Amino acid sequence: MTQVQANARTFEVRDPGSGRVVGTYPEHDEAEVADAVAAARSAAPRWAALSFAERGRMLSRWRAEIARGSAELAAVMHAEIGKPPADGKLEIVMGLQHLAWASKNAGKVLGPRPVPSDLMTINQRATLEYPPLGVVGVIGPWNYPVFTPLGSLSCALAAGNAVVFKPSEFSPEVGKWLAEAFAKAVPGHPVLQLVTGSGATGAALCASGVDKIGFTGSTATGKKVMAACAESLTPVLMECGGKDALVVDADADLDAAADAAVWGALSNAGQTCLGVERVYVHEAVYDAFLAKVIAAAEDVRAGSDPAAKIGPVTMPSQVEVIREHLRDAVDRGGRVVLGGLDAIAGQFVQPTILADVPEDALAVTDETFGPTMTVARVADMGEAVERVNASRYHLGATVFARKQGEDIARRIRAGGVAVNAFVAYATIPALPLGGVGDSGFGRVHGPNGLREFTYPKAITRQRFPSPLALTTFTRTEFTDRVVAALTTLLHGRCR
Ligand code: NDP
């Protein structure tokens, strides 16, 4: 990593549990972002010129470096965002699975491949390949500060790009740790540059002339990023917010469904883009399910001590959003069946479950991003699907059902749906991850994720002159008659 020269301005990062300052970082400005992009651009051609196998070997060294340091990296996450270290280690290994897949499969997915020509172009040998874009800007969030950026970094680097990475101002040390691990594992290829700072640094990256921005964050910021990138026609990948639902059918395994709902809603203190924020339960099992969810959630406590299963809410401003959603739900007739407004103390929010919340309440329509969930009764799975799809967010969903699981999954509008497990689609490296609607567009992970950081390039080579010379002013009347006959033969007989 070539660390760009820091200016005089800095920002502090605080442990959200204690409020203690845990680090001070440079607020990189436009000129410094430009320096980082220039450094990445000068390193990019040598990296792109390596074979997929050579790059894969280097990325494997980075993967090993991260794996060896995972306890230290999880401790950094705990200090910066309050995530319990065991959950941090789980996040790291999930990220490494995707890095391994991208490193091993980039050649197969992106390398040159023959493409068949057709009757009219039989004299052409056709090849499709996916060259890297050049320099990619990756803007990451703080809630999964390893897993989320690794999704974009793995794909972008394995495809042969250089990257300038801007981690969230709440998790700069995690970003720095990853970049330093890369520099140590892959010396001589400074293709992972780091810039730190607030939204202004991210905005400077959008305007810096990079060849694509891979953005992960809120929908509101995503719109600003898109608007800024439109000025220079910089393409964007948008991994934005969610309001994911979990659906429980009458024949579901209720213990498994309750366990998934509780983990999906409460883990990481509910600060998960794919977190369960809404639950729709068949009326036949609603009461039994609700009792199980309450019992399981009562066992979860927010705190900073080693026994606490969830940490604090990382951003002070988010506590106000959670409070507003709870207040609005109660004002509109919602019932607090666990936790509630009294369960908020400083940045710690204890598990909160709401029932009978109207569908137009903020707790149902907007991203709450806290350890809360609404549980609603539905007459059948048709109504459940309708309510799930009524959201403007369409990131992921979970279905618990014995007979109709996959059928229900197909009717839900979302980038990924897991049946009888929580979030499984995000953990399978060959599957794409991303959203629809206000949850964004474009994909990380799998073949789609690799192609996201490339452009499709078509190459043809004429093997022999065509008996029908079409693209020439010396074309004959005979050729035109043959073309007319072929047009009828190939396309004119369909009824
Ligand atoms: P934000 O949108 O607040 O920030 C995301 C990143 O964008 C941060 O690095 C932020 O910097 C930066 N940024 C802020 N303003 C600008 C700007 N004008 N131009 C460029 N960059 C800018 O999101 P959070 O960090 O709070 O993350 C939580 C959100 O991310 C949730 O909505 C969550 O659902 C979503 N998310 C989506 C995922 C997905 O896969 N779809 C995965 C994980 C999270 P800074 O922090 O310094 O302000």
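All other residues whose Cβ lies under 10 angstrom from that of residue 259 are scored, Lys and Arg at +1 and Asp and Glu at -1, for a net of -1. Principal-axis analysis of the Cα atoms of the chain puts helix 30-49 at an angle of about 50° to the longest axis.
Report the per residue volume, in Å³, of the convex hull enclosing the C-alpha atoms of the stretch 244-431.
Spread over its residues, the Cα hull of the stretch 244-431 gives 110 Å³ apiece.
For the pair the stretch 394-431 and the stretch 116-164, the centres of their Cα atoms are 26 angstrom apart.
What is the dipole size for the chain, taken about its Cα centre, with +1 at each Lys and Arg Cβ and -1 at each Asp and Glu Cβ, in debye to the nearest 20? If you can, show how the numbers build up before the last one.
Numbers: 48 positive and 52 negative charges, 500 e Å.
With only Lys, Arg, Asp and Glu charged at Cβ, the dipole is about 2400 debye.
Stretching residue 231 away from residue 473 to a fully extended chain increases their span by 83.0 nm, per 0.36 nm per residue minus the current alpha-carbon distance.
Taking the Cβ-Cβ separation of residue 20 and residue 403 as r and a Förster radius of 41 Å, what is the calculated FRET efficiency to the nearest 0.05? Intermediate results must be reported in sequence, preceding the final value.
Working: r = 52 Å, r/R0 = 1.28.
Calculated transfer efficiency: 0.20.
Place a point 7 Å from Cα of residue 295 in the direction of its Cβ. Which residues in the stretch 241-271 have their backbone N less than 12 Å from it? Counting only backbone N, you get 254-256, 258-259.
Here residue 49 and residue 10 are evaluated by their C-beta separation; at R0 = 60 Å the FRET efficiency comes out at 0.95.
If you take the beta carbon distance between residue 117 and residue 251 as r and set R0 to 41 Å, what does 1/(1 + (r/R0)^6) give as a FRET efficiency, to the nearest 0.05? Rounded to the nearest 0.05, the efficiency is 0.20. Within the straight-line cut-off of under 29 Å between alpha carbons, the lysines reachable from residue 83 are 166, 176, 184, 223, 224, 243, 292, 309, sequence neighbours fewer than 8 places apart in one chain being disregarded. The angle between the Cα long axis of helix 85-110 and the longest principal axis of the Cα atoms of the chain comes to about 10 degrees, rounded to the nearest 10.
Carbon and sulfur: what percent of the chain's accessible surface (1.4 Å probe)?
Details: 11720 of 20950 Å².
Ligands and nucleic acids excluded, carbon and sulfur reach 56 percent.
Remark: C-alpha extents of the chain on the principal axes read 85, 64, 38 Å, sorted largest to smallest.
Counting only residues at least eight positions apart within a chain, or on another chain, the aspartates and glutamates with an alpha carbon under 14 Å from that of residue 457 are 129.
Hey, can you rank 336-345, 245-254 by average C-beta count inside 10 Å, highest first? Write out the running numbers ahead of the final one.
Working: 336-345: 16.7, 245-254: 22.6.
By packing density, highest mean first, the sequence is 245-254, 336-345.
Packing here is the average count of other Cβ atoms within 10 Å per residue, and on that basis the peptides 270-278, 300-308, highest first, run 270-278, 300-308.
Let me check I've understood the local charge: for residue 340, count other residues with C-beta under 12 angstrom from its C-beta, Lys and Arg +1, Asp and Glu -1. What total comes out?
Working: positive: 323, 327, 335; negative: 342.
Net charge around residue 340: +2.
Quick one: Cα centre-to-centre distance for the stretch 199-260 and the stretch 274-351, in angstrom? Answer, in whole Å: 23. For the chain, the relative contact order is 17 percent, taking Cα pairs closer than 8 Å that sit 6 or more residues apart in sequence and dividing their mean separation by the residue count. Farthest toward the positive end of the dipole of the stretch 244-431, out of 311, 363, 378, is the Cα of 311, where the dipole comes from beta carbon charges about the Cα centre. Since only 248, 391, 424 are under comparison, the one whose Cα sits farthest along the positive direction of the charge dipole of the stretch 244-431, derived from C-beta charges on Lys, Arg, Asp and Glu, is 424. For residue 339, the residues whose amide H sits under 5 Å from its own are 353, ignoring neighbours fewer than 5 places away on the same chain, with H placed 1.01 Å from N.
Extension gain for residue 332-residue 392 works out to 19.5 nm (0.36 nm per residue, less the C-alpha to C-alpha distance). Relative protection proxy for 168-175, 125-132, from highest mean packing down: 168-175, 125-132 (other beta-carbon atoms within 10 angstrom).
The angle between the Cα long axis of helix 316-331 and the longest principal axis of the Cα atoms of the chain comes to about 70 degrees, rounded to the nearest 10. Here residue 89 is the anchor, and the aspartates and glutamates within straight C-alpha reach of less than 19 Å, apart from those fewer than 8 places off in the same chain, are 15, 65, 72, 80, 173, 180, 305.
The values are calculated or read from the model by the stated rules, or taken from the named source; none is laboratory data. Being a predicted model, the structure only gives us computed values, none of them experimental. Methodologically, a virtual Cβ is constructed for each residue, glycine included, from the backbone with ideal geometry; neighbour enumeration extends over all protein chains shown. We work out accessible area using only protein heavy atoms, side chains counted, and drop any ligands, DNA or RNA first. Shrake-Rupley method; radii C 1.70, N 1.55, O 1.52, S 1.80 Å.
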